[in-house]
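To start, the structure itself, in structure tokens.
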Amino acid sequence: MRRLRQFGLLAITLMVGLGLVGLAPSRAQDTGITISLAVPSFTDSIFTDRLINTFETAHPGVKVSVLQVDANVPPAAPGLDQHLQGLQRYTSAADVLYVASSAYNSSSNAISEEATRGGYYLDMKPLVDEDKSLNPADFYTPIWQSFQWDHGVWALPISADPYLLTYSPAAFDAAKLAYPSEKWTADDLANAIRQLSVKNSSGKVTTPGVDVFGAQLPVLFRSLLTSSYIDTGSVPNAPKFDTPEIASLLQTWLKLDQDGMIGAELNKAPMSVSPAVLLAFPASSADKRSGALLPGGKATLDVQGFAVSAGTQYPQQAYALAAWLTTRAEVATYGQGTVPARKSLVGSQPGSTQAFTVNIPPVVQTLIDQAVANAIPLSEMRFADYLGDAYNKMKTANADVHVALQGAEDAAVKQSQAAAAGKNKLALVVATPVPPLALPAGKIALKFGVVNFQIPNQDAWNKLIGDFTASDPQVAKVLLDKYLGTVDFLGQALSKFDCVYAPFNGVTADRLPKLLNLDPFLTADPNFDKTDMVGGALAQVTMDNKTWMLPSDVEPVVLKYDSDRFSKDGIPLPGAAGTPWTTQQFADALKALKADSTGKPGFIPANTFGTYVLQLIAAYGGNPIDYRTNPPTLNFTDTATQDAIQELVNLAKNGDFTYHPLFGQQLDIVLLPDPS
């Protein structure tokens with residue numbers, strides 16, 4: 001029987017992880033070529049010194065400087081000047097540049113027809129043609145073609161995420177509709193939207209029939225067309241928007257929109273345009289969704305890749321880095337894209353930089369494979385922002401459909417020509433990488449990261465650093481910085497810093513490759529006394545009989561309860577009989593406390609940012625995130641996990657305790673059930 005236990009959870013806060021990332025002081029003496037690589041901040045844990053050193057070893061004389069740069073390039077349709085200014089800032093930042101689908105992410109419109117015609121990116125086609133080691137057949141064809149237009153190759157893809165139509169079978173069954181299929185037309189979709197939209201007694205739509213999230217609407221328009229709106233018969237290519245098919249589609253969609261039948265959520269309505277991988281994460285068994293290709297048997301792609309700035313002084317070396325990055329599993333499988341661009345990387349192990357692996361059910365994987373095989377290349381989505389602009393004019397300004405489409409077409413052609421006209425005047429120079437830190441001979445610098453929103457007690461830290469550098473003849477500087485990344489803050493920080501301080505115990509199996517075993521140093525340190533540590537603190541940071549971190553401070557967490565109220569309600573005190581509560585006794589106590597005369601719930605979380613949710617799930621036998629694997633495995637669809645979550649949901653729904661969501665703004669505290 002599962003039991004409930006109370007104990008003080010130690011918060012171990014100082015970690016030392018010297019093994020992965022050093023400052024490599026010898027780089028100050030390097031005299032070869034240095035090229036810079038711009039990556040967005042959310043990928044910073046991938047591009048470690050270990051990864052970059054692998055490239056540098058294979059390319060003697062070439063050094064790589066990794067920069068965190070978020071593109072933030074505004075789309076072209078609303079304003080060409082702002083688009084080009086953003087492009088110049090971004091393509092001046094580094095030699096090799098991360099690029100993503102502009103149609104899906106308005107903050108990353110870093111590659112477009114205007115960008116390539118304006119001369120901001122290097123055309124890599126001559127280099128691709130010369131590269132005998134690059135095999136285009138290794139790439140999925142739609143992904144490979146995504147950054148190719150006007151007879152040029154503007155970026156090399158690393159990964160992609162297919163988008164398709166997800167739907168609720170229960171909603172279709174209730175409406176007595178056949179499930180979506182690749183044989184559907186745009187008219188079939190519109191008809192299903194009408195029948196699935198839910199109206200109240202006054203005729204107002206309360207639940208739209210379909211969700212189209214974010215910037216996907218113009219992309220959806222393209223996917224619903226039977227033929228391309230881009231005229232590839234001439235170079236440079238130009239759009240042809242004002243056609244009977246596009247006009248009819250936009251008018252049909254506008255009527256649905258005006259009737260309230262188009263939502264803007266993700267996987268909430270009976271149908272939704274969604275990344276296929278989200279089908280592996282059902283919201284609940286009652287809201288299980290299925291997926292199908294978009295009408296016409298197609299899918300769209302969100303694609304990530306690397307381009308080379310036209311301002312680079314080292315095109316050969318920059319191309320070599322971009323091409324090499326497409327071969328790296330840790331880059332292609334980081335989680336921004338579901339599918340590696342290269343077929344040879346499918347199923348490869350990404351390594352410890354990946355936050356999670358995802359257990360994708362076979363039926364979902366089959367659908368993803370079909371979506372990729374039948375996807376429309378990203379290159380076919382060019383000018384989609386102009387098509388979206390035409391629709392917005394129809395919706396907000398009551399513009400005639402043909403006037404709006406012709407205006408969008410004219411604007412796209414005009415702005416592409418304007419971008420091309422400015423190419424000869426473009427002065428594009430890639431910023432020189434910051435030189436390595438100059439250190440005295442025989443001295444080193446240490447990078448020290450504090451995992452927090454800010455560095456608390458900065459003056460105390462500065463004094464500590466001053467005392468330490470004065471006492472150590474080898475250390476010239478300690479470079480202190482705060483760090484708060486995405487998902488696994490500590491794991492990412494250990495890939496960036498020599499030493500890390502964090503407000504929790506982070507010794508888990510998946511992090512061991514990033515941590516240095518401290519035992520040899522502790523044994524050799526005459527000033528270290530294990531017996532001086534608070535009882536049990538050192539054991540908390542020991543795994544496989546090795547010490548991986550040093551405790552700095554501890555924070556006991558205990559169950560606080562009102563013994564008078566327990567006694568008044570006739571409930572045995574926790575552990576009163578010398579044995580921990582069972583989960584059933586815990587639930588019974590909550591129900592009894594809820595029903596008493598005070599009217600107050602028996603349990604009000606107060607202190608741990610919702611982690612009590614995960615602890616209670618574990619108490620009921622679930623394990624949504626399995627840290628015993630490397631990288632951790634998501635087990636959201638595991639039956640035991642779902643049953644455990646349902647137990648907690650039932651308690652919350654019944655009002656047996658005051659529920660605060662995981663990662664919510666309120667702080668939580670909990671008594672911890674024993675899963676034994």
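Of all residues in the range 289-301, those being surrounded by 23 or more Cβ atoms within 10 Å (Cβ to Cβ) and either within 25 Å of L51 (Cα to Cα) or hydrophobic (A, V, I, L, M, F, W, C) (or both) number 4. Screening the range 643-676 for residues that are at pLDDT below 50 and among the charged types (D, E, K, R) and picking the one that is surrounded by the fewest Cβ atoms within 10 Å (Cβ to Cβ) gives D674.
Cβ separations smaller than 8 Å between residues 6+ apart or across chains give the following pairs from the range 201-217 residues that are without any contact (Cβ under 8 Å) to a residue 24 or more places away in the chain to residues that are aliphatic (A, V, I, L, M) and open to solvent by 40 Å² or more (accessible area, probe 1.4 Å): T206/V198.
Within the range 435-473, restricting attention to residues that are among the aliphatic types (A, V, I, L, M) and assigned to a loop (DSSP other than H, G, I, E, B), the residue that is surrounded by the most Cβ atoms within 10 Å (Cβ to Cβ) is I455. Scanning the range 490-497 turns up one or more residues that are under 23 Å from R50 (Cα atoms), out of contact with any strand residue (DSSP E or B) (no Cβ under 9 Å at 6 or more places or on another chain) and assigned to a helix (DSSP H, G or I).
The set of residues from the range 196-225 being of a type in the set (K, R) and more than 28 Å from the chain's Cα centre (by Cα) comprises K199, K204. Mind checking whether some residue in the range 261-269 is in contact with a strand residue (DSSP E or B) (Cβ under 7 Å, 6 or more places away or on another chain), over 26 Å from Y386 (Cα atoms), touching a residue at least 40 places away in the same chain (Cβ under 8 Å) and among the charged types (D, E, K, R)? Yes - at least one qualifying residue is present in the range 261-269.
Applying the criterion of being free of Cβ contacts under 8 Å to residues at least 60 places away in the same chain and of a type in the set (K, R) to the residues of the range 410-434, the residue that is least open to solvent (accessible area, probe 1.4 Å) is K414.
Here's the yes/no breakdown for (1) open to solvent by 10 Å² or more (accessible area, probe 1.4 Å); (2) farther than 30 Å from V64 by Cα; (3) of a type in the set (S, T, Y); (4) in a helix (DSSP H, G or I):
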| site | (1), (2), (3), (4) |
| --- | --- |
| V235 | yes, yes, no, no |
| T252 | yes, yes, yes, yes |
| L256 | no, yes, no, yes |
| N267 | yes, yes, no, no |
| A307 | no, no, no, no |
| Q313 | yes, no, no, no |
| A318 | no, no, no, yes |
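Note on the range 198-212: residues that are touching a strand residue (DSSP E or B) at 6+ places or on another chain (Cβ under 7 Å) and either on the phi > 0 side of the Ramachandran plot or in a loop (DSSP other than H, G, I, E, B) (or both) total 3. Within the range 135-191, restricting attention to residues that are within 25 Å of E245 (Cα to Cα) and touching a Gly at 6+ places or on another chain (Cβ under 6 Å), the residue that is surrounded by the fewest Cβ atoms within 10 Å (Cβ to Cβ) is E182.
All of (1) hydrophobic (A, V, I, L, M, F, W, C); (2) open to solvent by less than 30 Å² (accessible area, probe 1.4 Å); (3) closer than 28 Å to E245 by Cβ hold for A373 with one exception: (2).
Could you tell me whether the range 11-27 includes any residue that is among the aliphatic types (A, V, I, L, M), within 23 Å of A160 (Cα to Cα) and either open to solvent by 20 Å² or more (accessible area, probe 1.4 Å) or modelled with pLDDT of 80 or more (or both)? Spell out the reasoning first.
The initial filter retains those residues of the range 11-27 that are among the aliphatic types (A, V, I, L, M), namely 11-12, 14-16, 18, 20-21, 23-24.
Then keep just the ones that are within 23 Å of A160 (Cα to Cα); that gives none.
No, the range 11-27 contains no residue that is among the aliphatic types (A, V, I, L, M), within 23 Å of A160 (Cα to Cα) and either open to solvent by 20 Å² or more (accessible area, probe 1.4 Å) or modelled with pLDDT of 80 or more (or both).
Taking the range 320-339 as the search range and keeping residues that are open to solvent by 20 Å² or more (accessible area, probe 1.4 Å) and outside any loop (DSSP other than H, G, I, E, B), which one is modelled with the lowest pLDDT? Ranking the qualifying residues of the range 320-339, first place goes to E330. For first residues located in the range 529-541 and within 19 Å of N517 (Cβ to Cβ) and touching a residue at least 60 places away in the same chain (Cβ under 8 Å), partners that are β-branched (V, I, T) and surrounded by 12 or more Cβ atoms within 10 Å (Cβ to Cβ) and lie 6+ apart or on another chain with Cβ distances below 9 Å form the pairs A537/I12; A537/V554; Q540/I12; Q540/V507; Q540/V554; V541/I12; V541/V507; V541/T547. Please work out if S223 is among the hydroxyl-bearing types (S, T, Y), touching a residue at least 40 places away in the same chain (Cβ under 8 Å), open to solvent by less than 20 Å² (accessible area, probe 1.4 Å) and over 12 Å from L165 (Cα atoms). No, not satisfied.
Among the residues of the range 499-545, the ones that are surrounded by 14 or more Cβ atoms within 10 Å (Cβ to Cβ), among the aliphatic types (A, V, I, L, M) and out of contact with any strand residue (DSSP E or B) (no Cβ under 6 Å at 6 or more places or on another chain) come to 9 in all. Looking across the range 38-67, just one residue is at pLDDT 85 or above and basic (K, R), and that is K63.
Looking only at the range 33-68, how many residues end up being of a type outside the set (D, E, K, R), part of a strand (DSSP E or B) and more than 24 Å from A110 (Cα to Cα)?
Within the range 33-68, the subset of a type outside the set (D, E, K, R) is 33-43, 45-48, 51-55, 57-62, 64-68.
Now drop any that are not part of a strand (DSSP E or B), which leaves 33-39, 62, 64-68.
With the extra rule that they be more than 24 Å from A110 (Cα to Cα), the set shrinks to 33, 62.
Qualifying residue count, the range 33-68: 2.
Taking the range 241-250 as the range and being open to solvent by less than 60 Å² (accessible area, probe 1.4 Å), part of a helix (DSSP H, G or I) and not small (G, A, S) as the test, the residues that pass are I246, L249, L250.
The values are calculated or read from the model by the stated rules, or taken from the named source; none is laboratory data. These numbers come from a predicted model, not from an experiment. Cβ sites come from the backbone with ideal geometry, for glycine too, and all protein chains shown count toward neighbours. Ligands, DNA and RNA are excluded from the accessible area calculation, which covers all protein heavy atoms including side chains. Shrake-Rupley method; radii C 1.70, N 1.55, O 1.52, S 1.80 Å.
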